[in-house]
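Comments concern the structure below.
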Amino acid sequence: MAQESSINRASRRTRILNNHLVQSPSDPTSCLRPNSCLSYTPPEVTESLDFDTKEMRKILDFHNLEDRDWLFGVIKQGSVFNGKERGGRLFVLPDYNQTMEQQREMTMKRIKYLFERGVFDGWLMKKGVEAELKKLAFLEVIQNFDQSLAVMLGVHFFLWGGAIQFMGTKRHHDKWLRDTETFGLKGCFSMTELGHGSNVRGIETVTTYDLKTGEFVINTPCESAQKYWIGGAANHATHTIVFSQLNIDGVNQGVHAFIAQIRDADGNICPNIRIAECGHKIGLNGVDNGRIWFDNLRIPRENLLNSVADVSPDGQYLSAIKDPDQRFAAFLAPLTSGRVTVATSAVFSSKVGLATAIRYSLSRRAFSETPNGPEVLLLDYPSHQRRLLPLLAKSYAMTFGGNYLKMIYVNRSPGSAKTLHVVSSAFKGIFTWHNMRTLQECRDACGGQGLKTENKIGHLKGEFDVQSTFEGDNNVLMQQVSKALLSEYAAAKKKNKPFKGLGLEHMNGPVPVIPSNLTSNNLRSSQFQMNAFCLRERDLLNRFAAEVSLYQSKGESKEHAFILSYQLAEDLGRAFSDRAILQTFIDAEANVSAGSLKNVLGLLRSMYALICLEEDAAFLRYGYLSTDNAAAVRKEVTKLCGELRPHALALVSSLGIPDAFLGPIAFNWIDANSWSSVKH
């Protein structure tokens, strides 16, 4: 009996396997039925657009829309931008099959292509707000395609060129700016050293003045003083800005900047200079990062960038700013452009990831809710909405924050220097952290397709990873923000005057009160949201000041007390950033007339505010929210995901990114992977 049962079981398995292999539809008892092949349905067929996406794009991109579209077209048409057809569409794709050396040469070919088409006209020679905004718009377009290209242009125009513009004087402008704009020379920026990155004041390169010859002499005194990560230095740059300690008659006058030639017109390295590779990186291999050593390099006295301090022919050190700390601050104040462009580029990168992942989730299906029912769109799963839609709301919010930051930058003045420094530091940190988190979530949300380099998301992760540390380590920047807020706090208390500036005016009013039982109406109120953010910032600033004071009362120095209070400092830096971003969102929303567009912005603003409340443990840690109210916030975020779901396609279509600049899976991912797309 047992033997017959074993034989019968084997026979049944054989029949089932046979039916599976031959796909026989004639056996009505078979549980294995043939399935029709999946087909791609564009989300535009099934999704509605309930607001004007062109109007939304105008609000987001904010300036120079026609210029942006022109440059997108220029890039799309250029053969040097690696256009490939996928699924019947043209995409400009990463150069993932090229060696490091090939990527670097391609970067230079792309610069030449854009230069010949007038893209860089006026980037240094034209002045005024309109010229600066156009330059920023063009750089944002370029960052959408190739971050290596954007970094090389940023080094040449914003760092090298910007240093000459803002740290130099007329003699430097007349000699260097036009040649920089026309690429008669190629500039780089030698600040970072092997032993010093964020701590610029501690750099070890030393420059002395030779009274006999009227020259400065630059030296790398030790290996830790070698200039490191200098973009453009390894292969292409002909000149550099050298940041160095200036020693006059045995007295160190602090960090100053000098112009030095490192290669001749034929690309040969100049005497008394050694240059080496930094090597292969996890991203940005189209940037030729190099290391530089100076061995008694002599440069003319006039090559000192002297807007803040100078050395006379007879060797006298001259500066109207006598205090070394104030002089150092004035010296570095103009160098905020790097943080501005890094912050805005991070938001655009997150948009590329989100537009690709969300469009994919609007056509890709997985699993059925019933045995023979249709598979469900990824974005119809509440869990998938939770992964992507809060990040989309944050990207919208940070776009408004970035626009605010750009306007501070292009309208900068001595009076706005502090605001520009604090806001650019805060936003650079928050935006770049958000970008890396967003790209990781988008990569995961696309499954295996997210792993393909041509679908861009993984590639962007490698390209943008360094943003968390260059132009200032994010954790250090958060502490700098808090230190600036503490200075404002101390000044207001000492003078017994109200707070003014940096958005701290809310400190002058009564302490906001959070309702004991939050309703949906409360949670979606912009007034409640701002009150909650101001309450957190206000309390953290008070706590931070008290903790620093407590450490000082126990004998710690002010600086060490600040270091010991790092946790509150970082919490406060985030609180300041979130509140400032929310304010820019509220301001942008206020300029929109009543209607569907304003309604969607209200949903996004509420999503941004509430996801910040949910994610920051400070709201529970310090009792700003009760556990019941925290649960209400979490529930409301889920409701907002459901309400934003019908607008998902319209929201990513409003981001102003042409189809060719997204990953192929954002569109017909079946055709993009079909046999006909394979090269034979």
**Asked** Roughly to the nearest percent, how much of the accessible area of the chain is carbon and sulfur, given a 1.4 Å probe?
**Response** 52
**Complete:** Non-local residues with an amide H under 5 Å from the amide H of Leu297, with H modelled 1.01 Å from N and Pro and chain starts lacking one, are Ile218
**Request:** Report P(r) for the stretch 580-680: all Cα-Cα distances, bin width 10 Å, range 0 to the bin holding the largest distance, values in whole percent.
**Result:** 12, 29, 28, 17, 10, 3, 0
**Message:** What figure, in Å² to the nearest 10, do you get for the accessible area of Ile203 with a 1.4 Å probe and non-protein molecules left out?
**Reply:** 10
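Restricting to bridges with both residues inside the stretch 180-289, how much of the DSSP beta-bridge set is antiparallel, in percent to the nearest 5?
Within the stretch 180-289, antiparallel bridges account for around 70 percent of the total.
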**Complete:** With every protein chain in place, the accessible area of Phe158 for a 1.4 Å probe, in Å² rounded to the nearest 10, comes to 10
**Message:** Normalised by the empirical 2.2 N^0.38 Å for globular proteins, what value does the Cα Rg of the stretch 240-324 take?
**Reply:** 1.35
**Asked** What's the angle, to the nearest 10 degrees (0 to 90), between helix 100-116's Cα axis and the longest principal axis of the chain?
**Response** 80
**Prompt:** Can you list the HN-Hα couplings for the stretch 262-269, worked out from phi with the Karplus curve (6.51, -1.76, 1.60; θ = phi - 60°), rounded to whole Hz and with x for Gly and Pro?
**Reply:** 10, 9, 8, 5, 8, x, 7, 5
**Message:** Compute the orientation-averaged projected area for the stretch 151-267 from the convex hull of its Cα atoms and round it to one decimal in nm².
**Reply:** 7.8
**Request:** Taking all protein chains together and a probe of 1.4 Å, list Trp160, Trp669 from the most accessible to the least accessible.
**Result:** Trp669, Trp160
**Message:** So, for the stretch 402-494, what is the accessible surface per residue at a probe of 1.4 Å, expressed in square angstrom?
**Reply:** 36
**Asked** Considering only protein heavy atoms, what per residue accessible area in square angstrom results for the stretch 265-350 with a 1.4 angstrom probe?
**Response** 42
**Request:** Give the accessible surface of the stretch 156-240 per residue, rounded to a whole number of Å², with probe radius 1.4 Å and ligands, DNA and RNA excluded.
**Result:** 39
**Message:** Given the DSSP H assignment, sum -39500 (n - 2.57) over each helix run of at least 4 residues in the chain and divide by its residue total; what's the result at 222 nm in deg cm²/dmol, nearest 500?
**Reply:** -16000 deg cm²/dmol
**Computed P(r) (all Cα pairs; the stretch 363-403; 5 Å bins; percent)** = 6, 21, 18, 16, 12, 10, 8, 5, 3, 1
**Request:** Note down the accessible area of Tyr489, probe 1.4 Å, to the nearest 10 Å².
**Result:** 40
**Complete:** Yeah, the stretch 192-243 with a ≥ b ≥ c from its alpha-carbon gyration tensor (a/c under 1.5 is rounded, else prolate when a/b outruns b/c, oblate otherwise) is oblate
**Prompt:** Can you pull the Kirkwood radius for the stretch 363-473, inverse mean 1/r over Cα pairs, to one decimal in Å?
**Reply:** 16.5
**Prompt:** Over the Cα atoms of the stretch 66-118, what Rg and Dmax result, in angstrom?
**Reply:** 12.1, 35
**Request:** Any of Lys127/Lys406; Lys322/Lys495; Lys494/Lys558; Lys428/Lys452; Lys54/Lys598 with alpha carbons more than 18 Å apart? Name them for me.
**Result:** Lys322/Lys495; Lys428/Lys452
**Prompt:** Each residue of the stretch 152-161 in order: what ³J(HN,Hα) in whole Hz does its phi give by Karplus 6.51 cos²θ - 1.76 cosθ + 1.60, θ = phi - 60°, with x for Gly and Pro?
**Reply:** 4, 5, x, 5, 5, 8, 8, 8, 4, x
**Message:** Order 364-374, 420-430, 319-329 from most to least packed using the mean count of other Cβ atoms within 10 Å.
**Reply:** 420-430, 319-329, 364-374
**Message:** To check my understanding: the extent here is largest minus smallest coordinate of the Cα atoms along each principal axis. What are those three numbers for the stretch 283-357, in Å, largest first?
**Reply:** 64, 31, 17
**Asked** Taking every eigenvalue of the Cα gyration tensor of the stretch 108-218, multiplying by 5 and rooting it, what semi-axes result, largest first, whole Å?
**Response** 29, 18, 13
**Prompt:** Taking only Cα atoms, what is the 0 to 90° angle, nearest 10, from helix 65-77's long axis to the longest principal axis of the chain?
**Reply:** 70
**Message:** Let's test this: bin the Cα-Cα distances of the stretch 506-568 at 5 Å from zero up to the farthest pair and state each bin's percent.
**Reply:** 3, 17, 20, 14, 12, 12, 9, 7, 4, 1
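Taking the Cβ of Glu105 as the centre, find all other residues whose Cβ is under 12 Å away and add up their charges (Lys, Arg: +1; Asp, Glu: -1).
+1
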**Asked** Any idea what angle helix 627-644 forms with the longest principal axis of the chain, computed on alpha-carbon atoms, 0 to 90 degrees, nearest 10?
**Response** 70
**Message:** So if I restrict to the alpha-carbon atoms in the chain, what is the Rg, and what is Dmax, the biggest pairwise distance, in Å?
**Reply:** 28.8, 114
**Fill in**
Quick shape check on the stretch 240-394: root eigenvalues a ≥ b ≥ c of the Cα gyration tensor, a/c under 1.5 is rounded, otherwise prolate if a/b tops b/c, else oblate, and it reads prolate
**Asked** So, in Å, what gap is there between the alpha-carbon centers of the stretch 293-359 and the stretch 501-533?
**Response** 38
**Item:** Reachable aspartates and glutamates from Lys493, criterion Cα separation under 18 angstrom, eight or more residues apart if same chain
**Value:** Glu505, Glu537, Asp539, Glu547
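The values are calculated or read from the model by the stated rules, or taken from the named source; none is laboratory data. Given the structure is predicted, the values throughout are model-derived calculations rather than measurements. Heads up, the Cβs are rebuilt from the backbone with ideal geometry, glycines too, and the neighbour counts pull from every protein chain shown. Areas reflect the complete protein model, heavy atoms only, side chains present, ligands, DNA and RNA absent. Shrake-Rupley method; radii C 1.70, N 1.55, O 1.52, S 1.80 Å.
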